[in-house]
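Chemist: Let me begin by handing over the structure; questions about it come next.
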Amino acid sequence: MSMNKVMLIGRLTRDPELKYTSTGRAVSTFILAVDRDFTNQQGEREADFIPIVAWNKLAETIAHNLSKGRLIAVEGRLQVRNY
């Protein structure tokens with residue numbers, strides 16, 4: 001049983017980008033804008049922008065079928081990278 005599981009619903013901020021690794025694995029990246037449940041002091045809704053990475057056949061399916069502005073649900077695991 002995995003304890004690291006997230007589900008997000010949001011809109012793509014741009015078209016997904018599809019690339020291939022040197023070994024031929026497909027990798028698709030995009031940014032998902034997820035609205036917050038509350039508004040700020042000016043009464044505006046804010047959003048969090050979450051970078052998403054998909055691999056292999058799913059990456060190709062995403063790149064060929066999704067585009068900017070599309071509302072999607074994503075299920076996966078959360079990984080934080082520090083540079």
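The values are calculated or read from the model by the stated rules, or taken from the named source; none is laboratory data. Source: prediction; values computed, not measured. Cβ coordinates were reconstructed from backbone atoms using ideal geometry, including for glycine residues, and neighbour counts include every protein chain displayed.
Chemist: So which pairs qualify, if the first residue must be in segment 32-46 and under 24 Å from LEU66 (Cα atoms), the second must be in a loop (DSSP other than H, G, I, E, B) and modelled with pLDDT of 85 or more, the Cβ gap must be under 9 Å, and the two must be at least 6 apart or on different chains?
Modeler: Once the first residue is under 24 Å from LEU66 (Cα atoms) and sits in segment 32-46, its partners that are in a loop (DSSP other than H, G, I, E, B) and modelled with pLDDT of 85 or more give LEU32/THR13; ALA33/THR13.
Chemist: Does LEU71 meet the test of being surrounded by 12 or more Cβ atoms within 10 Å (Cβ to Cβ), of a type in the set (A, V, I, L, M, F, W, C) and on the phi < 0 side of the Ramachandran plot? Steps first, please.
Modeler: Details: surrounded by 12 or more Cβ atoms within 10 Å (Cβ to Cβ): no; of a type in the set (A, V, I, L, M, F, W, C): yes; on the phi < 0 side of the Ramachandran plot: yes.
Criteria not met by LEU71.
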